[in-house]
1. Going by what's in this entry, would Q69 be described as within 18 Å of D17 (Cβ to Cβ), among the polar types (S, T, N, Q) and not in a helix (DSSP H, G or I)?
2. Any idea which of K139, K117, K133 is in a loop (DSSP other than H, G, I, E, B), under 30 Å from Q41 (Cβ atoms) and open to solvent by 40 Å² or more (accessible area, probe 1.4 Å)?
3. Looking only at segment 138-156, count every residue that is more than 15 Å from the ligand (Cβ to nearest atom) and closer than 9 Å to V174 by Cβ and tell me the total.
4. Please tell me if P98 is touching a residue at least 12 places away in the same chain (Cβ under 8 Å), of a type outside the set (A, V, I, L, M) and either buried (at least 22 other Cβ atoms within 10 Å of the Cβ) or within 25 Å of I206 (Cα to Cα) (or both).
5. Would you check if P232 is open to solvent by less than 60 Å² (accessible area, probe 1.4 Å) and either within 13 Å of the ligand (Cβ to nearest atom) or at pLDDT 95 or above (or both)?
6. Any idea which of R95, R140, R114, R85 is at pLDDT 95 or above, charged (D, E, K, R) and under 16 Å from T22 (Cα atoms)?
7. Looking at this structure, is D32 within 16 Å of the ligand (Cβ to nearest atom), charged (D, E, K, R) and either under 16 Å from A116 (Cα atoms) or not in a loop (DSSP other than H, G, I, E, B) (or both)?
8. Looking at D124 and the list (1) among the charged types (D, E, K, R); (2) within 16 Å of the ligand (Cβ to nearest atom); (3) over 12 Å from W58 (Cβ atoms), which single condition is not satisfied?
Amino acid sequence: MASPSPSSSLHYPLYGDSVPYTTPSTPLQTLDLWLPRPPSQSDPDNTIWVIYIHGGAWRDPTQNSKCVQPMRQHLERWYPADIQRIAGMASINYRLSPYPNHPTLPSMPEDPQRNAKHPDHVQDVYRAIVYLKREYGIKRWMGVGHSCGATLLLQYVVGIGLTQPLPTLPEALVVLEGIYSVPLLLRNHQPPSCPENISRIYHDFIQGAFGDASTYDVVSPVSGLYSEAVWPGAKLLVLGYSAEDELVEAEQREVMLKRLKDEGWEKEGKGDGKRVAVTWDLNGGHDEIWEDGIQIAELISEVVRRLLLS
Ligand SMILES: N[C@@H](CC(=O)c1ccccc1NC=O)C(=O)O
């Protein structure tokens, strides 16, 4: 009997842990991969890639690519039919901004992994997507982002912080508990309605991620252009938000939705299935959404079905 070729000896689903997307590689310029079957067996026209971006205020070392694990386990357990429609999943790490006062994992001033500043984060996302396109030929994909991961996905599609042409654009985005206007986030977390010490935390992480206040408008996703010309092929944007979110206020989703409407996006039920923006109400606290992951699994299943039926 012929011995198996190296590729046939791989077991699927295949998990790739901390795969570098840059040369030379660095610890945070990595992604986790999950391939339900050999890529050659996923029809590029009829399967969807899922690209996930974690949150953590651009700086939290305890949030990373592994944040997708609960969601992925729910998908495998409860949505096996939708796994057939998924070509693969990639969960992206990116360099973080300083967090010198983190209680257990403080950043050190000389650590390039933990001293990133905009546009480093979105450029890392860009590099990861370039890598995925080159290595896996990703064609049809949806993005899922939580909190600042939602911010990063929207920055990517409208090119905030990017000067190079994009390798590929998604057909859909699912943005969860996202920050879409930095000035609004800071205004909504100001004394007297917000305690001084909490307000300071918001200022600290925003300054750590973006520096000078003069940039906060232009870096915000609400400042982007969401026209057909900027994002051809856009079909669906799902804005997920939980009224129990204790960290990001509801108004963030409202201003983002308004921006999309102003740019000609339609509500569910209208339009021809292109450039539809819908809201999706979630349950649970800010981080419970990904810590539990069932609602994200449900959303991915919904969106993948819609994309393949349209
Ligand atoms: N766990 C984070 C805080 C955090 O993630 C956060 C806090 C307020 C508003 C949004 C947040 N996350 C967004 O990605 C930290 O320790 O900085």
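The values are calculated or read from the model by the stated rules, or taken from the named source; none is laboratory data. In this text, all values refer to a predicted model and were calculated from it rather than measured experimentally. Virtual Cβ from ideal backbone geometry, glycine too; neighbours counted across all protein chains shown. These accessible areas exclude ligands, DNA and RNA; they are computed on the full protein's heavy atoms, side chains included. Shrake-Rupley method; radii C 1.70, N 1.55, O 1.52, S 1.80 Å.
1. In short, no.
2. Checking each option against the conditions leaves just K139.
3. Looking only at that region, the number is 2.
4. In short, yes.
5. In short, no.
6. Unique residue meeting the criteria: R95.
7. Taking the combined requirement at face value, the residue does not satisfy it.
8. Answer for D124: the failing condition is (3).
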